[in-house]
1. Could you go through segment A:139-154 in sequence order and give the Karplus-derived ³J(HN,Hα) for each residue, using 6.51 cos²θ - 1.76 cosθ + 1.60 with θ = phi - 60°, rounded to whole Hz, and x for Gly and Pro?
2. Can you list the GluC sites (Glu not before Pro) in segment A:19-116 that are in a DSSP coil and have 15 or fewer other beta carbons within 10 angstrom?
3. Mind telling me which of B:233, B:154, B:275 comes out most flexible in a GNM of chain B, alpha-carbon contacts under 10 Å?
4. On a 0 to 90 degree scale, rounded to 10, what angle separates helix A:195-207 from the longest Cα axis of chain A?
5. Looking at chain A as a GNM with Cα springs under 10 Å, which of A:30, A:162, A:143 has the largest mean-square fluctuation?
6. Please give the peptides B:36-44, A:180-188 ranked by average Cβ packing (other Cβ atoms within 10 Å per residue), highest first, as a rough proxy for protection.
7. Within segment B:56-141, which GluC sites (Glu not before Pro) sit in a loop by DSSP and count at most 16 neighbouring Cβ atoms inside 10 Å?
8. Averaged across B:260-270, how many Cβ atoms of other chains sit within 10 Å of each residue's Cβ atom?
Amino acid sequence: MSAVHKTTEDAVIFDLAAEELRSLNAALQALGGKTNRTAWTIVNPRGAHAIAVGVTAPVAITIEGHAGYYCAGMNDGAFVTINGNAGTGLAENMMSGTVHVKGDASQSAGATAHGGLLIIDGNAAARCGISMKGVDIVVKGNAGHMSAFMAQSGNLVICGDAGEALGDSLYEARLFVKGAVKSLGADCEGKEMTAEDKEILSALLQKAGCHETPEEFTRYGSARTLYHFHVDNAGAY
Amino acid sequence: MCGIAGLFLKNPSLEPALGRMLSGMLSALTDRGPDSAGFAIYGAGAPGQLKYTLRSAGGFNLPQGLELSCTAHDDHAVITFPVAREAEVRAALAARPEITIVATGARMELFKGVGLPDAVTKRFGLEKMSGSHAIGHTRMATESAVTTAGAHPFSTGADQCLVHNGSLSNHNDVRRVLMREGITFATQNDTEVAAGYLSHQLREGKKLNEALTNALDRLDGFYTFVVGTENGFGVLRDPVACKPAVMAETADYVAFGSEYRALADLPGIEAAHLFEPEPGQVYFWERAA
């Protein structure tokens, strides 16, 4: 690990122009929960795929530039900040921790994620939160079409507009949208904002550093009509 | 998969570096398309002159009496001749079945071949080429065989070319209709049909943006297209946005990459406006003719 340059006892700068991505991920994945090397800065990412995937230690990782596909995938406890944009599959299957992208995220951000918090300061492209299973996602800009497709659990907050077919084939999960929704997907409907919803939304907005208030949002959720097969629909198959 | 790179220069002082910039972009897209690669580059034309890009397995010994400017690039060559001689050149080439006309036009030259992108661009000397805009492709074949003819870009009209990431599902139907309209196809490839569709639209007097808008209705399947014309450069993604795309715009250029990695070495990229083209939306840039 010759290119890993220790600036202080616990801060590490890793230059992806000088060192292999695999050694970065191996080093991050080998960190134990009690490591002292708690602050990692990754420079020259140049859109590389799979940066900081599978990290299980509660360390802070800052990526200085644009990340490629699957950045911070399977994250379990780390706090990952991207000072740039992220490609497809940001924080895919995250278990816990926080992933914060300061720019835009490409499609399928937070896909299948079970837990943790994903904050997208810019826009999210199509299929944000597809099949999400418990993650909290806050998009400060707009989210693309088919967001929260088949979402099962968790919360998706969109401070801008949502694209076509929001929440299509939704199981559960709370969707909160401040702006316009181009169209709702099958079995997704507007819901009354309960006191519990407001509490959850308010906490998420605060965590993500948003100034919006829960009253500005509309809550969407599952109409639960696709939970069971209806024999009247048999002719459609 | 497949990788696409495109560059449209706004600042003419970058024109001598166009080939070098594009070859770096294609190299970065090697793992998206290691089967074959190709590119079309729009250089300076000369008034009243036409350019044909030819491909031959057996050299380019042109017939006696057909004295033309001919620049060889490996198994491709570019011939330049006055517009008035086009029929004569066509007839001479028709008598040489080993020679394929790859592309025609006033400014476009088109090269493609089987192999890794670095090997293909080196063979044709892309690094030293200059021009106002260029598009390139690295191919991972899905719909037809890995051959030179199946590599992208496809050209079905003068100074027109198209590259594609994705696959079309209704290409046989569209091909049949276009053949009745007089569009000719050299392969069974789906992408060539998309190129033919746009050529037909342009022939019918449509503008590039109108042709691309109509393609949204007529072409079914997955696609990110990048299209070149004599003065322009267009981008279209299917409404589902199956295939990736990222664009960068600065005061000097507009660049397209399947992934950001392809754009990472471009000058001034740190300050560029980066965006993902919206699904089902037509983007195009044209320079003053």
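We did not get these values from a lab; they are worked out from the coordinates using the rules stated. These numbers come from a predicted model, not from an experiment. For neighbour counting, all protein chains shown are included, and Cβ atoms are generated from backbone atoms with ideal geometry for every residue, glycine included.
1. Running phi through 6.51 cos²θ - 1.76 cosθ + 1.60 with θ = phi - 60° gives 9, 7, x, 9, 10, x, 5, 6, 5, 6, 4, 6, 5, 10, 6, x Hz.
2. In loop regions of segment A:19-116 (DSSP not H, G, I, E or B), the sparsely surrounded GluC sites (Glu not before Pro) are A:20.
3. Comparing B:233, B:154, B:275 in a Gaussian network model of chain B, the most mobile one is B:275.
4. Taking the Cα atoms of chain A, the angle to A:195-207 is about 30 degrees.
5. For chain A, modelled as a Gaussian network with Cα springs under 10 Å, the answer is A:30.
6. Highest to lowest by the protection proxy: B:36-44, A:180-188.
7. Values: sites: B:67, B:86, B:88, B:98, B:109, B:127; in loops: B:67, B:98.
Those that pass, being in a loop and sparsely packed, are B:67, B:98.
8. The shielding value for this peptide is 4.
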